[in-house]
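Report on the following structure.
The values are calculated or read from the model by the stated rules, or taken from the named source; none is laboratory data. Quick caveat: nothing in here was measured; it's all calculated off a predicted structure. Backbone-built Cβ (ideal geometry, glycine too); neighbour counts: all protein chains shown. With ligands, DNA and RNA removed, areas are computed over all heavy atoms of the protein, side chains included. Shrake-Rupley method; radii C 1.70, N 1.55, O 1.52, S 1.80 Å.
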Amino acid sequence: EPLKALAEQLQALAEQGDSLQKPASQCVLPFIQQAEILAQRYDAVVANPPYMGGKGMNVELKAFAKKQFPDSKSDLFAMFMERAFDLLKATGYNAQVTIQNWMFLSSYETLRKKILQNKSIQTLTQVGYNSFPELNSKVVQVAMFVIKNKPCPDYKGVYIDLNSAPQSANKNDVFLNRTKELEYQVSLNDFKKVPGSPIVYWANKKALDHFNNTELLGGISDLRSGISTGDNDFFYRSWFEVSIDKTNFFQHKIDTGKWFPIIRGGDFRRWYGNRESIINLENNGADITASGNNFRLRSKDFYTKKGITWSRITSGPLAFRIKMEDVNFGENSPCLFSFENENLLLSLLNSKVSGYFLSLISPTLSNQVIDVAKIPVIKCKKITSNCAEKLVDIYKRDWDNSELSWNFLRFPFIWGIDISEGWSIYQDKVKSKINAAKNLEEENNRLFIDAYGLQDELTPDVPLEQITLTVNPKYRYGGNL
């Protein structure tokens, strides 16, 4: 209104003013018209904003983002998303198509909390895989939403899940012909129950309650990120590439030798394994320090401690393994050091229950220390560490029977008898070992599903493809081979 009044005054002066007022008014009027346009507030803002992470921004844009959009500076799309709210009337609607990162990642936590506190999500469709078939369908996953610029805390928005559709499916057809199983109605307050407030519309009510009423994993353990060299190709080797005389396999002192065993993530494998790499830590990592790269020799006090590790980046189920005292750990293989029963926590982490909680905490390809620390841990007398102890033993023997292990001695089917007979005996033992592992993992799942009351959400069954023994053909070569 003040701008309109000023424009009218200037227009009058431009027509009726004196010799100084007329040209001055004509000069200023275009700026007032610009300001009027910028000051407008809209009933709806609709956008498919551009994507650009911090790494792609130049110095000027990065500084602008940090100053003007501190809660959404991680990516240009989130800045556009936040800016749209400023263009709306109090009851207006922000409707956009963006990548889904803002729903889950910790870097958008403040933005999410502001939306949940001050706005209301009316509807959201998670397109997921194959959002843009011409792009990487696992990285560029889309969410479409309409958010009202007004808080309605008890309002139940409509959420549609297209993730369950095959990656090759036409998502438009799935959306238009969706069944009730793909739709959820969720109160905004439910999202606040999960640490970090991710938009996990599919969450089970009992699971949400565990976040509020149960101790979290970070409270009973120390979670650490590992060594970052800044140049892994230069400082890492496979253990069999280097002279054994220069490799410190079994001594626990880091100041003796040049090459030291290290775990660095790797393939989907549970309980024990992925011990293939060594790292140059001669003189306490002097070469890494001297390289001048973006390195971090973090968590030195934990290098030779027993713990639980996992692969930080994975596109499939998360798998946890025992980290023994004879190996260090890298940035892609974070570790957990328990204050209590290690095997009991390993049992929980490799159960379907922990996988379900992680799907709520951070349903992304990256599983950071801060995400794993948020898993709720209940203590139940029925659950013991027996399953984990037996499974670790089975998986350790399996790993050491492979040539990838530095503890490998001989092929297990060579018994000093006829090789074909030895192979036949070996095959019977392998089948027995696979079945034993499957039964133990399903029993482990059953115990935790019952303890957490998630029988309606999860089943204990483990497909053979997920029994991650080297001798299991369905795991090693794929389910159809």
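The table that follows gives values for the structure above.
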| read-out | value |
| --- | --- |
| Cross-link partners of Lys73 among lysines (Cα-Cα below 27 Å; sequence separation of 8 or more within a chain) | Lys55, Lys62, Lys89, Lys113, Lys114, Lys119, Lys138, Lys148, Lys150, Lys192, Lys193, Lys374 |
| Gained length - Asp428 relative to Lys206, 0.36 nm times residue gap less alpha-carbon distance | 75.6 nm |
| Segment 1-97 - percent of accessible surface contributed by carbon and sulfur, probe 1.4 Å | 60 percent |
| The chain - Rg over Rh from alpha carbon coordinates, Kirkwood radius | 1.09 |
| Simple spin-label estimate for Thr384 and Asn189 in nanometres, 7 Å along Cα-Cβ | 4.3 nm |
| Cut-off 15 Å (backbone N to label point 7 Å along Cα→Cβ of Asp86), residues of segment 38-58 | 38-42 |
| Length-normalised contact order for the chain - Cα pairs under 8 Å, 6+ apart - percent | 10 percent |
| Förster radius 45 Å - calculated FRET efficiency between Ser402 and Thr289 (Cβ-Cβ, nearest 0.05) | 0.85 |
| Global form of segment 167-248, assessed from the alpha-carbon gyration tensor, a/c cut-off 1.5 | oblate |
| Zone of Asp450's modelled label, taken as backbone nitrogen in segment 382-409 under 18 Å from a point 7 Å along Cα→Cβ | 382-388 |
| For segment 210-346: accessible area per residue (Å², 1.4 Å) | 45 Å² |
| Rough spin-label spacing in nm, given labels placed 7 Å along Cα→Cβ, for Asp301 and Gln40 | 6.1 nm |
| Average accessible surface area per residue within segment 1-118, 1.4 Å rolling probe, Å² | 61 Å² |
| Tensor-based shape of segment 17-135 (alpha-carbon gyration tensor, a/c under 1.5 rounded, otherwise prolate or oblate) | prolate |
| Excluding exposed DSSP-loop trypsin sites (Lys or Arg not before Pro) (at most 11 other C-beta within 10 Å), longest clean stretch of the chain | 1-252 |
| Share, in percent, of DSSP beta bridges within the chain that are antiparallel, nearest 5 | 75 percent |
| Within the chain, helix-based [θ] at 222 nm, where runs of 4 or more DSSP H residues each add -39,500 (n - 2.57), nearest 500 | -11000 deg cm²/dmol |
| Solvent-accessible area, 1.4 Å probe, carbon plus sulfur percent, for segment 152-220 | 49 percent |
| Spin-label zone in segment 332-375 - amide nitrogen under 20 Å from a point set 7 Å from the Cα of Asn213 along the C-beta vector | 353-354, 356-358, 360-361, 374-375 |
| Inter-probe distance in nm under a simple model that places probes 7 Å from Cα toward Cβ, at Gln21 and Ile370 | 6.0 nm |
